[in-house]
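Comments concern the structure below.
The values are calculated or read from the model by the stated rules, or taken from the named source; none is laboratory data. Being a predicted model, the structure only gives us computed values, none of them experimental. So basically every Cβ, Gly included, is an ideal-geometry build from the backbone, and we count neighbours across all protein chains shown.
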Amino acid sequence: MSVVDEVPDTEAPALLPLDAWHEDRGARMVAFAGYRMPIQFDGIIAEHNWTRDHAGLFDVSHMGQLLFTGDGADAALEALLPADLKGLGEGRMRYSLLLSEEGGILDDLMVTRRSDGLYMVVNGATKWDDIAYLREHLPDEVTLNHLDDQALLALQGPQAADALARLAPGVTALSFMTAGAFLIEDVECWVSRSGYTGEDGFEISVPADQVVRVADALLREEEVRPIGLGARDSLRLEAGLPLYGHDLSPEITPVGADLGFALSKRRREEGGFMGHARIMAERENGPAMKRVALEVEGRQPVREGAAVIGGGTVTSGGFSPTLGRPIAMAYVPLASAAPGSTVEIENRGKRVAATVATTPFVPHRYHRKGA
């Protein structure tokens, strides 16, 4: 297999194409996933609420954009992912998982069928490990191109479609988990109706040398404001969406992570992907630990790493601006994982009660086909 890059040999945070653009707009910058990124502009709660009510523009260019081409690419990737890629139509997307030989989750990702191959977006913190793992396991006939000359923007919120449609006529024809090519400011972009906030919205892959032009055009729309990582995290937590490196890891299988929907029916029945036997056994008998949503009593948030009494750990937690109360995700023993079950959490020297809830905490507002 060929690959068009190598891991950069540096420990200093890398700069994204919009680094100076963020600085000019007053962003507070932090190191994240090996990059210097904006954590907030006007304040996390204000940005969270703006995205819920209007449209927020996120820079997610740290994420890895990969393109797979060559004979047998579908079958080769199906050996590593539990998704039905052979049945994926052009312009269609699928959430999936990169699995280890033991069935543990190495990353979660999105795959889209394009006319030029299978396009994959992986997490920024894991992309170099993902590329190495893919290079090791894919046959020589399959070429992996790292699209490191592309930036990635996310426009999220109930007014995202109105704002983007003025710049990219026809984009509203996309429904959730579909994608296509559009011109924005005469720049050719790949646009998907997807995101990680629970809101309607889009992810926009744009040439890095043109991203300032596209970002400026989006920001001129009255509904749009720049949003940082802080609000992205609080929004995805309210949406009940797991974050790799926190709620997902190589020790956790799709069943334990409560991501059984990512196991396509054909793939469950046929097998042929990493960890199939273990994953099917857990699906039949239940995992020892399972990811759950927690509604936390009181006003004090519980944070990642807090122990669940009797077994388990909080993996994400915070105060929900939309709900006005603390929420969390945790792994608990299967016997405590049913909705309505109560657990106690050791939080800063005190025990706090929490109730297992269903996700999402805040209803998703994806624009589904036929809606």
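Given the condition of a type in the set (Phe, Trp, Tyr) and part of a strand (DSSP E or B), answer yes or no: does some residue in region 329-352 qualify?
Step one: list which residues in region 329-352 are of a type in the set (Phe, Trp, Tyr), which gives 331.
Imposing the further condition that a residue be part of a strand (DSSP E or B) reduces the set to 331.
Checked region 329-352: at least one residue is of a type in the set (Phe, Trp, Tyr) and part of a strand (DSSP E or B).
Among the listed residues Pro82, Pro139, Pro158, identify the single one that is at negative phi, modelled with pLDDT of 95 or more and crowded, with 22+ Cβ neighbours inside 10 Å.
Pro82
Among the residues of region 279-300, are any free of Cβ contacts under 8 Å to residues at least 60 places away in the same chain, under 25 Å from Thr197 (Cα atoms), of a type in the set (Val, Ile, Thr) and crowded, with 21+ Cβ neighbours inside 10 Å?
yes
Being over 18 Å from the mean Cα position of the chain (by Cα) and not in a loop (DSSP other than H, G, I, E, B) is the filter here; which residues of region 119-145 pass it?
Of everything in region 119-145, those that are over 18 Å from the mean Cα position of the chain (by Cα) and not in a loop (DSSP other than H, G, I, E, B) turn out to be Ala132, Tyr133, Leu134, Arg135, Glu136, His137, Thr143, Leu144, Asn145.
For region 142-155, indicate whether the set of residues that are farther than 23 Å from Ser61 by Cβ, outside the structural domain of Glu221 (by TED's automatic domain parsing), touching a residue at least 24 places away in the same chain (Cβ under 8 Å) and buried (at least 17 other Cβ atoms within 10 Å of the Cβ) is non-empty.
Checked against the condition, which is being farther than 23 Å from Ser61 by Cβ, outside the structural domain of Glu221 (by TED's automatic domain parsing), touching a residue at least 24 places away in the same chain (Cβ under 8 Å) and buried (at least 17 other Cβ atoms within 10 Å of the Cβ), region 142-155 yields at least one hit.
Does Ala165 qualify as being without any contact (Cβ under 8 Å) to a residue 12 or more places away in the chain, farther than 30 Å from Ser249 by Cα and part of a helix (DSSP H, G or I)?
Yes, satisfied.
Just to check your reading of the model, which residue among Thr315, Thr355 is in contact (Cβ under 8 Å) with a residue 60 or more places away in the chain, among the polar types (S, T, N, Q), in a strand (DSSP E or B) and surrounded by fewer than 17 Cβ atoms within 10 Å (Cβ to Cβ)? Full working, then the answer.
Details: Thr315 fails: surrounded by fewer than 17 Cβ atoms within 10 Å (Cβ to Cβ).
Criteria check complete, one pass: Thr355.
Could you say which residue among Gly245, Gly256, Gly230 is over 14 Å from the mean Cα position of the chain (by Cα) and surrounded by fewer than 21 Cβ atoms within 10 Å (Cβ to Cβ)? Don't jump to the end; show me each part of the working.
Working: Gly245 fails: over 14 Å from the mean Cα position of the chain (by Cα); Gly256 fails: surrounded by fewer than 21 Cβ atoms within 10 Å (Cβ to Cβ).
After applying the criteria, what remains is Gly230.
I need the full set of residues from region 87-134 which are more than 13 Å from Leu248 (Cβ to Cβ) and free of Cβ contacts under 8 Å to residues at least 60 places away in the same chain, in order please.
Correct list: Leu88, Gly89, Glu90, Val111, Arg113, Ser115, Asp116, Gly117, Leu118, Met120, Asp129, Tyr133.
Do the conditions hold for Glu222, that is, is it out of contact with any Asp or Glu (no Cβ under 7 Å at 6 or more places or on another chain) and more than 22 Å from Leu109 (Cβ to Cβ)?
Considered against the rule, which asks whether it is out of contact with any Asp or Glu (no Cβ under 7 Å at 6 or more places or on another chain) and more than 22 Å from Leu109 (Cβ to Cβ), Glu222 comes out as yes.
Would it be correct to say that Ala27 is outside the structural domain of Leu152 (by TED's automatic domain parsing), small (Gly, Ala, Ser) and crowded, with 19+ Cβ neighbours inside 10 Å?
Spelling it out, it is not the case that Ala27 is outside the structural domain of Leu152 (by TED's automatic domain parsing), small (Gly, Ala, Ser) and crowded, with 19+ Cβ neighbours inside 10 Å.
Residues in region 206-216: is at least one buried (at least 23 other Cβ atoms within 10 Å of the Cβ), in contact with a Phe, Trp or Tyr (Cβ under 7 Å, 6 or more places away or on another chain) and assigned to a strand (DSSP E or B)?
Checking region 206-216: not a single residue is buried (at least 23 other Cβ atoms within 10 Å of the Cβ), in contact with a Phe, Trp or Tyr (Cβ under 7 Å, 6 or more places away or on another chain) and assigned to a strand (DSSP E or B).
Could you grab me the full set of residues in region 23-57 that are of a type outside the set (Phe, Trp, Tyr) and assigned to a strand (DSSP E or B)?
Pass one, region 23-57, residues of a type outside the set (Phe, Trp, Tyr): 23-31, 33-34, 36-40, 42-49, 51-57.
Answer for region 23-57, where residues must be of a type outside the set (Phe, Trp, Tyr) and assigned to a strand (DSSP E or B): Arg28, Met29, Val30, Ala31, Arg36, Met37, Pro38, Ile39, Gln40, Ala55, Gly56, Leu57.
Of the residues that make up region 10-21, is at least one touching a residue at least 40 places away in the same chain (Cβ under 8 Å) and β-branched (Val, Ile, Thr)?
No.
Of everything in region 58-109 that's touching a Lys or Arg at 6+ places or on another chain (Cβ under 7 Å) and assigned to a strand (DSSP E or B), which residue is nearest to His22 (Cα to Cα)?
Phe58
Would you call Glu251 surrounded by fewer than 18 Cβ atoms within 10 Å (Cβ to Cβ) and under 20 Å from Ala125 (Cβ atoms)? Walk me through how you get there before you give the answer.
Details: surrounded by fewer than 18 Cβ atoms within 10 Å (Cβ to Cβ): yes; under 20 Å from Ala125 (Cβ atoms): yes.
Considered against the rule, which asks whether it is surrounded by fewer than 18 Cβ atoms within 10 Å (Cβ to Cβ) and under 20 Å from Ala125 (Cβ atoms), Glu251 comes out as yes.
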